[in-house]
Amino acid sequence: NPTNITNQQILDKQTELQADYDAKQYQRDREKEYPAIVDQLDDIYNNGIKGWKATNKVTKDKYPKS
């Protein structure tokens, strides 16, 4: 072990990374439900920024930040 990393340090880092990953689950859930970029641009063109925000708010409300 040339860097003198202990098993506990590895486990601690693994726990830290897993917590970060878990905390961002809402991002992965939102990404699946947001309309495609082309559809979002069409929404902006047809309904303006307010309409686009309203469309995306549904998904944001469904998967809030924790």
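The values are calculated or read from the model by the stated rules, or taken from the named source; none is laboratory data. Worth saying up front: this structure is predicted, and the values here are computed from it rather than measured. Methodologically, a virtual Cβ is constructed for each residue, glycine included, from the backbone with ideal geometry; neighbour enumeration extends over all protein chains shown. Ligands, DNA and RNA are excluded from the accessible area calculation, which covers all protein heavy atoms including side chains. Shrake-Rupley method; radii C 1.70, N 1.55, O 1.52, S 1.80 Å.
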Add +1 for every Lys or Arg and -1 for every Asp or Glu among the other residues with Cβ under 15 Å from the Cβ of ARG28, and state the total.
+1
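Rounded to whole Å and ordered largest first, report the semi-axes of the equivalent ellipsoid of the chain derived from its Cα gyration tensor (root of 5λ).
41, 12, 7
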At 1.4 Å probe radius, can you tell me the per residue accessible area of the chain in Å²?
86 Å²
Of ASN46, ALA19, ILE5, which is farthest towards the positive pole of the chain's charge dipole, taken about the Cα centre with +1 and -1 on the beta-carbons of Lys, Arg and Asp, Glu respectively?
ASN46
Report, ordered by chain and residue number, the lysines lying within cross-link reach of LYS57, taken as a straight Cα distance under 20 Å and ignoring same-chain residues fewer than 8 apart.
LYS24, LYS32, LYS65
With a sphere of radius 13 Å drawn around the Cβ of ALA19, what net charge do the other residues whose Cβ falls strictly inside it have (Lys, Arg +1; Asp, Glu -1)?
-2
Given a 1.4 Å probe and every protein chain left where it sits, what share in percent of the accessible area of the chain is carbon and sulfur?
56 percent
